[in-house]
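Working notes for the structure below.
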Amino acid sequence: MMMMHSASIALPFFLGANLPWHEYGSDVAVRWNSAWFAHTFASLQKSVNSVRFWLHADGHATPVILKGGYVTAPGGANFESNLLELVQLAAAHELVLQIVLWSFGMCQDALRVTLVTDEHKTRSFVNHALVPMLRMLSHTERTDHIIIEVFNEPEWCVDELSCTTSHCVSLSDMQRFVSLCAEAVHRYSRLPVTIGSAAPSWAHHWFDEHLIRAGEATRGVLDLVNVHFWPWMYARHIDICKHSWHYFENNFGGSGSNITQTSKPCVVGEMPDHTEQHTAQQLLSCLERNGFRGGMFWALNDAKFPLKTAEAAMVSFQRADDSNSTLFWTLCRWLGSLSSISKAASLPSKKPQPQLPPSLAPVRQPTLLVPP
C-alpha cells in the first residue's frame, strides 16, 4: 500500500543529535537529572530540531522484571514524573524526542533476552510496561513531538545476521517482538513507530510483510524507518552519498525475495560527525539529495565520537532552508500525518493473546533486576 501525504503537509528534514543518556539506561526513574537535561536541551535549540534518547537500553534498571523474566511495571515510583518531565522539556525547547525503548545490550543478559524469545514475556512487557507508559504520555499536554523507536540496532542480536552479543535470537523472534510493540503503540496512542536498523542494507528485515507475518498483527508495522550509517560500511559499498533511500529500499530484499517496501520515509538515526570521505555538511547534503528525511549525528556526550563540526553544519543548513522543512512545527505536523495514516490503514489483530502465567497476578513488591 502506498503511503500518501496531504499536499498541505510539508516534508520535514531532521537535523538531529543523539543524546542517548546522561546515566546509561537509568535516567528515567532511577537517576533523573532535570537540570542537566534542561541545560543540554537549551544548548541545542539553535542548531538541532530533534534528539534521540534511550529509555531502557539494556534493561538493567527499567522496566521492573521478576526473576522469572516477566515484566510487571515500566519502572519505579518516579518513572512517570521523570518521563513526563523529559517529554515536556523537549517540547519547551522545540525538540522532537525520539524515545528508544531497547538496545542490543539487552541480548548480553540471559534473562532479559527472553523478552524477545518468549512471546508470553514479550506480552508481559507490552501489557505491563509499554501500554502503561503510553497511557502516562497521554497525561501530558502534547505528544505530537514524540517518536517511539522499538529497538536500537537489533541486527547485532540476530543469529541469521551479524550477532555479536552473548545471547542470539532468531530473526523471526526479533521481528515478532518489534511487531507486537509497534501494534501496541498504534492501538494505545497516535505516536509514530520506528526502529534503528544498524545499516541501510538490513532495513528490509523490518518491512511490513515481515513484521505482520511474524507478529500476526496488522497494526504491528513501522511508520517510518531509521537506518544507521558508519564508516565501516564504505568497504561493503554501503554509502548514503552514492545511493538513494529508494535504492536501499528496493535492492536488498535477498535472493528470490519478493518483499518490497511501500514507500516508507527514512531518517538516518545515527551517523558520525564526519568521515574521511565526507564532512558533516556534505553528509547532510547527501541525505537531502538522496531522498532521506534527514539525519541524527552521534553523539552529544560520547567522547569517542565527539561532535566537532556537526552543530555548525546544522545551523548552516537551517539558514539555507527556504522551505521550512527544518522547523519544529513542520516535523510535528508530518509525524502526526504518519501516525494517522498508519491507524487508518490498519485493522485490529485477530490473533488471540496467550495467557500470562498466574504468577503475574498482582505482585506488590517485585524483584527489580539490577547489575551486580
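Meeting the requirement of 3 or more residues that are of a type outside the set (Val, Ile, Thr), the strands (runs of 3 or more DSSP E) wholly within region 9-124 are 14-18, 50-57, 96-103. Looking only at residues of region 115-133 that are surrounded by 20 or more Cβ atoms within 10 Å (Cβ to Cβ) and in contact with a helix residue (DSSP H, G or I) (Cβ under 6 Å, 6 or more places away or on another chain), we find that the one that is nearest to residue 189 (Cα to Cα) is 130.
Could you tell me whether region 211-218 includes any residue that is in a loop (DSSP other than H, G, I, E, B) and small (Gly, Ala, Ser)? Checking region 211-218: at least one residue is in a loop (DSSP other than H, G, I, E, B) and small (Gly, Ala, Ser).
Taken across region 55-74, residues that are within 21 Å of the chain's Cα centre (by Cα) and within 17 Å of residue 301 (Cα to Cα) do occur, with at least one present.
When the criteria are applied in full, residue 172 fails the requirement of being of a type in the set (Ser, Thr, Tyr), over 18 Å from the mean Cα position of the chain (by Cα), part of a loop (DSSP other than H, G, I, E, B) and surrounded by fewer than 17 Cβ atoms within 10 Å (Cβ to Cβ). Apart from one condition, residue 209 fits all of (1) within 18 Å of residue 252 (Cβ to Cβ); (2) buried (at least 24 other Cβ atoms within 10 Å of the Cβ); (3) modelled with pLDDT under 95; the exception is (2). Residue 97 falls short on exactly one of the conditions (1) under 30 Å from residue 326 (Cα atoms); (2) open to solvent by 20 Å² or more (accessible area, probe 1.4 Å); (3) not aromatic (Phe, Trp, Tyr), and that condition is (2).
Considering only residues of region 302-329 that are open to solvent by 60 Å² or more (accessible area, probe 1.4 Å) and under 24 Å from the mean Cα position of the chain (by Cα), which is nearest to residue 279 (Cα to Cα)? Filtering first and then ranking leaves 311. When residue 365 is tested against the conditions (1) out of contact with any helix residue (DSSP H, G or I) (no Cβ under 8 Å at 6 or more places or on another chain); (2) open to solvent by less than 80 Å² (accessible area, probe 1.4 Å); (3) under 30 Å from residue 61 (Cα atoms); (4) at pLDDT below 95, the lone failure is (2).
I'd like to check something: does region 273-292 contain any residue that is at pLDDT below 95, among the acidic types (Asp, Glu) and under 24 Å from residue 54 (Cα atoms)? No, region 273-292 contains no residue that is at pLDDT below 95, among the acidic types (Asp, Glu) and under 24 Å from residue 54 (Cα atoms). Scanning region 139-169 for residues that are open to solvent by 30 Å² or more (accessible area, probe 1.4 Å) and hydroxyl-bearing (Ser, Thr, Tyr) turns up 143, 162, 164, 166.
The values are calculated or read from the model by the stated rules, or taken from the named source; none is laboratory data. All values reported here derive from a predicted model rather than from experimental measurement. Please note: Cβ atoms are built from the backbone with ideal geometry, for glycine as well, and neighbour counts cover all protein chains shown. Accessible surface areas use protein heavy atoms only, side chains included; no ligands, DNA or RNA. Shrake-Rupley method; radii C 1.70, N 1.55, O 1.52, S 1.80 Å.
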